[in-house]
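Working notes, structure below.
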Amino acid sequence: MKFLPLRFRDPINAIAFTLIGLALRIWNVGQPKGYIFDEVYYAQNAHSLAQHGVELNAKGLADFIVHPPVGKWLIALGIKAFGFNEFGWRISSAVIGSLSIALVYFVAKKLFNREIISCSAAILTLADGLHLVQSRTALLDIFLMFFILLAFLFLIYSRHWLAGITLGLAAGVKWSGLYYFVAFFMYTVYADYRDSKAYEDRVLSLKTLGKSILKRGVQYALIPITTYVVSWTGWFVTTTGWDRTWSNNIIRNFWHYHAEILNFHTNLVEKHSYSANPWSWLVMGRPTSFFYGTAKGCGASSCSQEILGLGTPFLWWSGVIAIAITFGYWIARREWQSGLLLLGLAAGYLPWFTFQKRTMFSFYAIAFEPFIILIICYVIAKFLEVQGDHQNQEDQENQAKALLRRRLVFGYLGIIVLCFIYFLPLYIGQNITYASWLNHMWLPSWI
């Protein structure tokens, strides 16, 4: 799009990628009928929120809910607009997932300031199967990812107050958003100290550090926590929510409810056929099957229809390599982009290793998936760098090298897109022959 003025390119690119993503996400999104995986909880909870402002069960009694309400309120918006049906409870995920493609584009543009890199980030997000599946089902994790990514965008643009509010909304979807409070707080305090130390003596920089801790504490602790509490307004203003009248003290009731939620999560050790240890998430060792059916009409005697929470294999496998390369660059050069991206990945990924007995699923990785994509883009940016002394002969050689490397990047993106297209039937629940389905099961652990 080089024929467009520079100020128009980024918005038009982002809009184009978002619309392509939206088309993929809303096409036939009302199929299959019925609840997919945990939609049985979240769609019904959202419907109750839309009707009563708080989660009640089918008998109209208070229901113990183990996740905060923000994600379910977003699902409820779709139900309000289109009714309590499959399209209604899935459309919000489709819209939020599509918008996250634009967010990835603008984050990459800010980090690398190259159109080819920001377009690569959007293409990789478009071509990730886990992102597509999560954007077509009424689960909470796509909303968690969106708010974490939005907070990251605000962070790198130094909009810290907005970042704090957005982090509060992330925690209001799932508690795993809390880890980003700590990560972004630590990063901003360190950045403040580093910047002040460059212009002040040691005593003054330590005083500045104290002020920074106070200010960033408000922005990345007090503001997010306040936002989180406000997100429970439906529970506060009604008297029908679970634990709402446990005692005469509403604050004590709120605290007790959260203690019970914490107790649930720390003791969730039930076996599940699709549980997956975090060690296997990055290589998609055990993807979650959200739906499986054997409907007729595929042109063979035996048919299969599955929605599999599988990240595009070549994308995630190359992401593991990119993480190792990026870590090496950070050790060697301490570039802020590499460190910040690794921090974002670590905040969403590493805490899960402390809950080895807990029931966990690989689709939780969607929360930090944008950081894997951005890390791949970091490596692409490094690969596209060409050094030279700008003399005529050297300049021609560098241009040839740059052209070859761009072509290799386009080839890499093409392979990812082809891999995504190959697995597309398993992302959208297409009815295919059993033999075709079995050919897609590259690893025995995917079955």
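Can you find even one residue in segment 348-368 that is of a type in the set (Lys, Arg) and in a helix (DSSP H, G or I)?
Here is the first cut: in segment 348-368, the residues of a type in the set (Lys, Arg) are 357-358.
The next check asks that each one be in a helix (DSSP H, G or I); those that pass are none.
Among the residues of segment 348-368, not one is of a type in the set (Lys, Arg) and in a helix (DSSP H, G or I), which makes the answer no.
Does any residue in segment 44-60 that is under 15 Å from residue 74 (Cβ atoms) come within less than 8 Å, Cβ to Cβ, of a residue that is in a helix (DSSP H, G or I) and of a type in the set (Phe, Trp, Tyr) six or more places away or on a different chain, and which pairs are these? Listed by first residue and then by second, the contacts come to 46/73; 46/89; 47/89; 49/73. Looking only at segment 284-301, residues that are out of contact with any Ser or Thr (no Cβ under 6 Å at 6 or more places or on another chain) and part of a loop (DSSP other than H, G, I, E, B) come to 7 in all. Consider segment 224-253 and keep the residues that are over 15 Å from residue 65 (Cβ atoms) and not in a helix (DSSP H, G or I). The one that is farthest from the chain's Cα centre (by Cα) is 248. Against the list (1) crowded, with 24+ Cβ neighbours inside 10 Å; (2) out of contact with any Lys or Arg (no Cβ under 6 Å at 6 or more places or on another chain); (3) over 19 Å from residue 362 (Cβ atoms), the condition residue 162 fails is (1). Does residue 104 satisfy the criteria of being part of a helix (DSSP H, G or I) and either of a type in the set (Gly, Ala, Ser) or touching a residue at least 60 places away in the same chain (Cβ under 8 Å) (or both)? So residue 104 passes the test.
The residues of segment 112-157 that are outside any helix (DSSP H, G or I) and within 23 Å of residue 281 (Cβ to Cβ), listed by number, are 127, 128, 136, 137, 138, 139, 140.
Which of the residues that make up segment 50-70 are part of a helix (DSSP H, G or I) and farther than 14 Å from residue 88 by Cα?
Those that are part of a helix (DSSP H, G or I) and farther than 14 Å from residue 88 by Cα: 51, 52, 70.
Just one of the numbered conditions (1) surrounded by fewer than 21 Cβ atoms within 10 Å (Cβ to Cβ); (2) under 15 Å from the mean Cα position of the chain (by Cα) is not true of residue 156: (2). Checked against the criteria, residue 262 counts as closer than 22 Å to residue 351 by Cβ and assigned to a helix (DSSP H, G or I). Reported count of residues in segment 302-342, each being assigned to a helix (DSSP H, G or I) and of a type in the set (Gly, Ala, Ser), is 8. Taken over segment 159-175, residues that are in contact with a Leu (Cβ under 7 Å, 6 or more places away or on another chain) and either at pLDDT below 95 or of a type in the set (A, V, I, L, M) (or both) amount to 4.
Among the residues of segment 158-185, write down those that are outside any helix (DSSP H, G or I) and touching a Pro at 6+ places or on another chain (Cβ under 8 Å). Result: 172, 173, 174.
Residue by residue, here is whether (1) touching a residue at least 12 places away in the same chain (Cβ under 8 Å); (2) surrounded by 18 or more Cβ atoms within 10 Å (Cβ to Cβ); (3) hydrophobic (A, V, I, L, M, F, W, C) holds:
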position	(1), (2), (3)
12	no, no, yes
16	no, no, yes
21	yes, yes, no
30	yes, no, no
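Name the single residue that is farthest from residue 370 (Cα to Cα) among those in segment 172-182 being more than 13 Å from the chain's Cα centre (by Cα) and buried (at least 20 other Cβ atoms within 10 Å of the Cβ). Going through the qualifying residues, I end up with 172. In this entry, residue 289 is excluded by the filter for residues that are within 22 Å of residue 148 (Cβ to Cβ), within 24 Å of the chain's Cα centre (by Cα) and among the polar types (S, T, N, Q). Scanning segment 212-238 for residues that are buried (at least 19 other Cβ atoms within 10 Å of the Cβ) and under 20 Å from residue 194 (Cβ atoms) returns 212, 216, 219, 220. Residue count for segment 16-49 under the criterion of being of a type in the set (Ser, Thr, Tyr) and assigned to a loop (DSSP other than H, G, I, E, B): the result is 1.
The values are calculated or read from the model by the stated rules, or taken from the named source; none is laboratory data. Just so we're clear, the structure is a prediction, and the values are computed from it rather than from any experiment. All Cβ positions, even for glycine, are placed from backbone atoms using ideal geometry, and neighbour counts span all protein chains on display.
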